[in-house]
1. With (1) farther than 25 Å from Ser258 by Cα; (2) in contact with a helix residue (DSSP H, G or I) (Cβ under 8 Å, 6 or more places away or on another chain); (3) at pLDDT below 95 as the list, and Thr340 as the residue in question, which single condition is left unmet?
2. Among Ile199, Ile195, Ile242, Ile207, which is β-branched (Val, Ile, Thr) and part of a loop (DSSP other than H, G, I, E, B)?
3. Is it the case, given these coordinates, that His325 is surrounded by fewer than 24 Cβ atoms within 10 Å (Cβ to Cβ), modelled with pLDDT of 95 or more and assigned to a helix (DSSP H, G or I)?
4. When you scan segment 267-281, do you find a residue that is among the charged types (D, E, K, R), part of a helix (DSSP H, G or I) and crowded, with 16+ Cβ neighbours inside 10 Å, even just one?
5. Within the bounds of segment 110-125, is there any residue that is among the aromatic types (Phe, Trp, Tyr), surrounded by 16 or more Cβ atoms within 10 Å (Cβ to Cβ) and more than 16 Å from Tyr430 (Cβ to Cβ)?
6. Quick one: would you say Ser307 is small (Gly, Ala, Ser) and either modelled with pLDDT of 95 or more or more than 30 Å from Pro410 (Cβ to Cβ) (or both)?
7. Confirm whether Asn261 is touching a residue at least 60 places away in the same chain (Cβ under 8 Å), in a helix (DSSP H, G or I) and over 30 Å from Ala357 (Cα atoms).
8. Among the residues of segment 159-206, write down those that are surrounded by 13 or more Cβ atoms within 10 Å (Cβ to Cβ), touching a Pro at 6+ places or on another chain (Cβ under 8 Å) and either acidic (Asp, Glu) or more than 15 Å from Val138 (Cβ to Cβ) (or both).
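The values are calculated or read from the model by the stated rules, or taken from the named source; none is laboratory data. Just so it is clear, the model here is predicted, and its values are computed rather than measured. Cβ atoms come from the backbone with ideal geometry, glycine included; neighbour counts cover every protein chain shown.
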Amino acid sequence: MFVEEYSRYTLLSQGNSATWNLDKKTVILVCVLTLPVFIFCATYMTLIGIYEKILYPDTHTLKEVPQQWLHRALLYNTLSNRDNFTQNLYLNVAQDEMTIKKYKLVCYYNFPTNADSLQVDDLDPSMCTHMNVGFVQVYNNSIFLDTSEQNLLKRLIKLKYSNSELKILLSIGGAGAGNGFPEMVLNHTNRKSFIKSVIYYVKNYQIDGIDLDWEFPNENPGTDKNQRMHFTQLLEELRNTINRQPKYNFLVSVAVASPTNIIENSYDVSYMNDYVDFINLMSYDYHFYTKVTPFTGINAPLYASDSEEYYLATLNINYSTNYWHYLGMDRSKIIVGLPTFGHSFTLANSKNSGLYAPSFGYGKLGSQGFADYAQICLFLSANHISPVFDMDTKSPYASKYFEWISFDDPQSLTYKAEYIRDNQLGVLWYIL
């Protein structure tokens with residue numbers, strides 16, 4: 001056998017020249033045909049590498065998640081644990097009420113814009129421990145409220161007559177550009193003017209503090225890479241001002257991001273912990289339709305799905321809260337956000353309606369994929385839909401034909417309430 005194979009080799013390489021020429025042409029032809037395939041594959045892998053840098057930043061593909069996070073996730077990711085929690089709610093009501101009093105229940109209230117908006121007279125003063133009212137902007141390095149907003153703020157302060165323990169904070173900034181933060185934090189003089197305006201509202205309107213909602217410091221490092229530092233300086237100067245004049249003591253909270261890459265770019269967490277009373281974690285919008293992520297996903301998952309890896313496995317409440325704590329924020333200062341809205345998607349294939357199903361746009365439900373709870377309830381009842389409850393993420397979702405929606409329901413909120421209590425977090429906040 002060996003001799004035969006050897007003979008064939010010698011005949012091909014040293015013998016008949018016609019045979020060699022034919023094989024040479026064949027090799028050239030194969031190379032010509034495979035070259036486009038090679039170029040395509042190389043281009044494809046390059047593009048994949050670019051997308052991986054977006055979806056899976058190097059700082060997270062190489063960083064090991066602390067083992068206790070995984071242990072805690074596995075411990076609370078059980079149905080029996082939820083059953084025990086539910087039983088405790090009924091068996092130890094008095095104890096739970098005492099426990100709840102120690103926590104913060106932070107609500108966001110937007111200034112009403114029309115008759116259909118939630119009005120001040122409709123608010124229950126006992127519903128929340130803290131009410132963040134907004135959103136107001138920063139103009140010329142100072143807080144600015146127009147006349148109607150000033151009058152509404154005065155009416156809101158009167159809610160404290162019915163609940164003296166209610167804390168009312170003025171929320172500054174909000175989503176979108178043009179909130180005045182980049183210019184205000186730029187230097188000490190500008191920050192001093194801002195703090196002076198804060199003191200004015202604390203003194204004259206009897207507000208209990210401010211909530212800073214800058215989305216987000218250092219979001220574009222090429223514009224001003226020092227914004228992260230300047231924002232930390234603002235918090236430090238606010239805290240020093242509070243310490244110097246205890247007569248006008250006020251609270252400072254910050255609305256903060258959940259994705260790890262934004263946390264690292266925007267916040268010096270260990271210093272923030274010394275300067276803020278609490279943070280309001282925007283633990284939602286983990287998944288929504290974009291051209292880069294054209295697939296369905298849970299809006300506010302408690303845990304990662306078993307199928308998620310790398311950066312996608314960090315997009316959940318459990319990871320975000322632990323990451324903030326890992327970087328230096330006290331657990332008691334982390335207020336977990338619970339959304340009262342869902343995200344809708346348009347499915348590419350109505351028969352493929354699970355998690356990470358291909359999608360090619362926002363759903364028809366809501367506006368640009370944002371659907372409030374009333375719209376979701378109507379969608380479910382009108383179409384007689386029974387939602388699917390995903391046990392990995394502890395979250396429901398539903399679909400009908402090409403419409404797909406992720407949202408929260410009493411079952412998912414029960415899991416989150418359990419998680420918040422067991423992890424000794426600052427409880428929760430939501431938008432009224």
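1. The single condition Thr340 does not satisfy is (1).
2. Result: Ile207 is the single residue among Ile199, Ile195, Ile242, Ile207 that is β-branched (Val, Ile, Thr) and part of a loop (DSSP other than H, G, I, E, B).
3. It is true that His325 is surrounded by fewer than 24 Cβ atoms within 10 Å (Cβ to Cβ), modelled with pLDDT of 95 or more and assigned to a helix (DSSP H, G or I).
4. Scanning segment 267-281, I find no residue that is among the charged types (D, E, K, R), part of a helix (DSSP H, G or I) and crowded, with 16+ Cβ neighbours inside 10 Å, so the answer is no.
5. Step one: list which residues in segment 110-125 are among the aromatic types (Phe, Trp, Tyr), which gives 111.
Pick out the ones that are also surrounded by 16 or more Cβ atoms within 10 Å (Cβ to Cβ) and you get 111.
Imposing the further condition that a residue be more than 16 Å from Tyr430 (Cβ to Cβ) reduces the set to 111.
The answer is yes, given that some residue of segment 110-125 is among the aromatic types (Phe, Trp, Tyr), surrounded by 16 or more Cβ atoms within 10 Å (Cβ to Cβ) and more than 16 Å from Tyr430 (Cβ to Cβ).
6. Values: small (Gly, Ala, Ser): yes; either modelled with pLDDT of 95 or more or more than 30 Å from Pro410 (Cβ to Cβ) (or both): no.
No: the conditions fail for Ser307.
7. No; evaluated as a whole, the condition is false for this residue.
8. Selection gives Leu159, Lys160, Asn163, Leu166.
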